[in-house]
Amino acid sequence: MNNQELIDKLKEEHILSREEFAQLISTYTPEDKAYAQETAQKIAQKHFGSRIFFRGIIEFTNFCKNDCYYCGIRKSNSECSRYRMSLEDILNCCANAYDWGFRTFVLQSGEDPYYTDEKMLEIIKAIHAAYPDCAITLSIGEKEHDSYQAFFEAGANRYLLRHETATKEHYNALHPAEMSFEHRMKCLEDLKSIGYQTGCGAMIGAPFQTVQTLAEDMYYMASFKPQMIGMGPFIPHHQTPFSQYAHGSVDLTIFLLSLCRIMLPTVLLPATTALGSLDTDGRKAGVLAGCNVIMPNVSPFTNRKKYTLYDNKAISGEDGGEELQVLQKHMEEIGYTLYCAKGDYFSIS
Ligand code: SAH
């Protein structure tokens, strides 16, 4: 089958074999990319119209006990200036974000043992009580089943945990020995079975990634059927072991985002900050390729600069409100509009 026939097949069957994904990834032409983008855009338009959901990210701590080789807030980065936000700081962020129109708060962080389950429950319950009309998304890394269950019962609705790579050997090349591929995958299974709207995903162009590992990622996502996918380019951070590696390709990221939309028609798919950081028009290109979510940062300005997973992170405006205005303008330039809603996942099957 040629590539455009494979794209049609993906649209019909929502899965391809690993070999077929590998063919698409290794041989797609600009015409194939345009075809995928057009197909993906039509699907997104059908389900979401020209509306883009926006979620407010609160990066509440950049302490991390892990040492992922790619990440700027890894514990071995002694030059990272660390901070933690109090419950009050976090609620202040939510209050501002709510006024700006945000109806989803994304709590993202390093894996910081200071925030015990007890402290997390206090934070989740406080946000849930103050904003019962909003969704709470967690992106705080790997925990055990019972912790995830308790957070869910306290009011958390969604959980983002990128699988990073669906190939064990590749996972081990990106993470130190203390971290395990099996545990990360188990976390994703637990999250989904508990009832979270669950997001997985990978960095495009991460060191040691190959056509085969990417095909495995696509195959895994087609099988796991996440409700959200977080997928952006890898960007090196100068104080990590991967500082000398090249950043991932914007072109390939856009192509794969289109395939994700075609594969999972109603998936919540953000045009990521990393995409916007490599290319000022990156998030627009993402939306035109089928993305339907953007996730501006609503953390206090001083913290936003310290939460650097990679170099040259895009920050626009003085605060989340100004950033939202900039993004609204960008969206209008391509005929889209930001839409104030909780924006839960819905299934069409
Ligand atoms: N600690 C949490 C969430 C924070 S990191 C967790 O482990 O889930 C959120 C995501 O940022 C990671 O999953 C990773 O895919 C991405 N990321 C980290 N370093 C990056 C880099 N150098 N370039 C691009 N994306 C990166």
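The one condition from (1) surrounded by 20 or more Cβ atoms within 10 Å (Cβ to Cβ); (2) within 15 Å of the ligand (Cβ to nearest atom); (3) over 30 Å from S78 (Cβ atoms); (4) not aliphatic (A, V, I, L, M) that S258 does not meet is (2). The set of residues from region 65-77 being within 11 Å of the ligand (Cβ to nearest atom) and either on the phi > 0 side of the Ramachandran plot or touching a residue at least 60 places away in the same chain (Cβ under 8 Å) (or both) comprises N66, C68, Y69, Y70, C71, G72, I73, R74.
Scanning region 44-87 for residues that are buried (at least 18 other Cβ atoms within 10 Å of the Cβ) and either part of a helix (DSSP H, G or I) or modelled with pLDDT under 95 (or both) yields A44, F48. Return the residues of region 303-338 that are in contact (Cβ under 8 Å) with a residue 60 or more places away in the chain and hydroxyl-bearing (S, T, Y); say none if nothing qualifies. Y307, T308, Y310, Y336, T337, listed by residue number.
Take the conditions under 30 Å from H330 (Cα atoms), within 16 Å of the ligand (Cβ to nearest atom) and either at pLDDT below 95 or not in a loop (DSSP other than H, G, I, E, B) (or both) and apply them to L191. Does it pass? So L191 does not fit the description; no.
Within region 140-181, the residues that satisfy the criterion of being within 15 Å of G199 (Cβ to Cβ), near the ligand (Cβ under 10 Å from one of its atoms) and either of a type in the set (A, V, I, L, M, F, W, C) or without any contact (Cβ under 8 Å) to a residue 40 or more places away in the chain (or both) are I140, L160, L161. Just one of the listed residues (T198, T213) is in contact with a strand residue (DSSP E or B) (Cβ under 9 Å, 6 or more places away or on another chain), of a type in the set (S, T, N, Q), within 15 Å of the ligand (Cβ to nearest atom) and part of a helix (DSSP H, G or I), namely T213. Residues in region 322-349 that are charged (D, E, K, R) and out of contact with any Cys (no Cβ under 9 Å at 6 or more places or on another chain): E322, E323, K329, E332, E333, D344. G230 satisfies every condition listed in (1) surrounded by fewer than 16 Cβ atoms within 10 Å (Cβ to Cβ); (2) in contact (Cβ under 8 Å) with a residue 24 or more places away in the chain except (1). Residues that are assigned to a loop (DSSP other than H, G, I, E, B) and either touching a residue at least 60 places away in the same chain (Cβ under 8 Å) or within 15 Å of the chain's Cα centre (by Cα) (or both) within region 233-245 comprise F234, I235, P236, H237, H238, Q239, T240, P241, F242, listed in sequence order.
For region 335-349, the set of residues classified as of a type outside the set (S, T, N, Q) and closer than 16 Å to R261 by Cβ consists of Y336, G343, Y345, F346, I348, listed by residue number. Checking T253 against (1) within 12 Å of the ligand (Cβ to nearest atom); (2) more than 20 Å from E38 (Cα to Cα); (3) in contact with a Gly (Cβ under 8 Å, 6 or more places away or on another chain); (4) polar (S, T, N, Q), which single condition isn't satisfied? Unmet condition: (2). Among residues of region 188-212 that are more than 25 Å from I25 (Cα to Cα) and in contact (Cβ under 8 Å) with a residue 24 or more places away in the chain, those with a beta-carbon under 6 Å from a residue that is part of a strand (DSSP E or B) and among the polar types (S, T, N, Q) at least six positions away or on a different chain give the pairs L191/T198; K192/T198.
One residue alone among D251, D344, D279 is of a type in the set (D, E, K, R) and either out of contact with any Lys or Arg (no Cβ under 9 Å at 6 or more places or on another chain) or at pLDDT below 90 (or both), and that residue is D279. Among the residues making up region 78-124, those that are of a type in the set (G, A, S) and more than 16 Å from the ligand (Cβ to nearest atom) are S78, S81, S86, A95, A97, G101.
The values are calculated or read from the model by the stated rules, or taken from the named source; none is laboratory data. On a predicted model such as this, the values are computed, not experimentally measured, just so you know. Glycine gets a Cβ as well: all are built from the backbone with ideal geometry, and neighbour counts include every protein chain shown.
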